[in-house]
Amino acid sequence: MGTTQPIREKDDLKKFLDYYHNYHPNARNYALITFGLHTALRIGDILNLKWEEVYDFDLKCFRQHLFIREKKTGKQNIVAMNCHLVETLNLYKKTRKPNPTDYIFTKTTDYTRPLSRSQAFRIMKKAAVETLHTTHVSCHSLRKTFGYHAWKQGVPPALLMDIFNHSSYSITKKYLGIDQDERDSIFMEIDFL
C-alpha cells in the first residue's frame, strides 16, 4: 500500500499528536497538525491562512468560524472552530505574538513567509516515522483522518461528501479507505455456526 492513508486507530492518532506536543515539543508543528485534523482543509489552504482569519484582534478572541475559499475547488467553505483547535492556536499564538496580517504557519526564521508545502510534509513525515513507524502518512492524511473518524462516529455520508466536495459516496469511501474496511469486517464477522 503506497498511498497516503488516514490514521485509523485512536491510539496511533494520540501518539502522532503527542509527538510535537509532549515528546518533541514544537508549538507551530503541533498547531499545524491539530489544525489539519480539526478543519479537514487541504494543506495549501491551511498554509495560506493569516491570523486575522482565525482571530479577531479588536475583540481579542478567536472567531467561531473560519471562512475560506478553497484554492482547488474555488468553493466557499465555512469551518467551525472547535475548542480543541482554539486552545491549540491560543497556546501557539502566545509563542508568536502575531500581527493580524501574519501567516499563521510560518518559517521560524521569517514570520512574513508561510511555511512551504515541502516543509509541512517533512513535519508530518517525521512525526509519522517516529511514532507510527510508517511512511504512508502525509499532510493529506490529516484530511483523510478527519473523514475516517467522522464516518466511524456516525457522521452521515452525505455530509462527508459535502465537506470534501465529492460528487459521490463511492468517491468518499475510496478516499477514506472505507471500502476495504467494510470488506474486511464482513470476512472477520461472518459466522456460519
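The values are calculated or read from the model by the stated rules, or taken from the named source; none is laboratory data. Remember, predicted model here, so these are calculated numbers, not experimental data. Every residue, glycine as well, gets a Cβ built from its backbone with ideal geometry; the counts of neighbours run over all protein chains shown.
Applying the selection to the range 177-193, what residues are in contact with a Lys or Arg (Cβ under 7 Å, 6 or more places away or on another chain) and either at pLDDT 80 or above or among the small types (G, A, S) (or both)? Scanning the range 177-193 gives no hits. The listed residues are T34, T39, T88, T101, and the only one of them that is touching a strand residue (DSSP E or B) at 6+ places or on another chain (Cβ under 6 Å), modelled with pLDDT of 95 or more and under 24 Å from P6 (Cβ atoms) turns out to be T39. For the structure I just gave you, tell me whether T95 is surrounded by 15 or more Cβ atoms within 10 Å (Cβ to Cβ), of a type in the set (V, I, T) and not in a loop (DSSP other than H, G, I, E, B). Criteria not met by T95. Residue pairs whose Cβ atoms lie under 7 Å apart, separated by 6 or more positions or on different chains, with the first residue in the range 94-112 and farther than 15 Å from N29 by Cα and touching a residue at least 40 places away in the same chain (Cβ under 8 Å) and the second surrounded by 15 or more Cβ atoms within 10 Å (Cβ to Cβ) and acidic (D, E), are P100/E52; T101/E52.
Of all residues in the range 164-179, those that are under 20 Å from K72 (Cα atoms) have Cβ atoms under 6 Å from Cβ atoms of residues that are crowded, with 18+ Cβ neighbours inside 10 Å and among the small types (G, A, S), 6 or more apart or on another chain, in L176/G147. Determine whether the range 73-83 contains at least one residue that is part of a loop (DSSP other than H, G, I, E, B), without any contact (Cβ under 8 Å) to a residue 60 or more places away in the chain and charged (D, E, K, R). So far as the range 73-83 goes, no, none of its residues is part of a loop (DSSP other than H, G, I, E, B), without any contact (Cβ under 8 Å) to a residue 60 or more places away in the chain and charged (D, E, K, R). Quick one: how many residues across the range 120-162 are among the charged types (D, E, K, R) and closer than 19 Å to D18 by Cβ? Going through the range 120-162 one residue at a time, the tally reaches 4.
Select, from H140, H149, the only residue that is touching a helix residue (DSSP H, G or I) at 6+ places or on another chain (Cβ under 9 Å), at pLDDT below 95, part of a helix (DSSP H, G or I) and within 22 Å of N48 (Cα to Cα).
None of the others qualify; the one that does is H140.
Condition test on T39, is it farther than 23 Å from V155 by Cα and β-branched (V, I, T)? So T39 does not fit the description; no.
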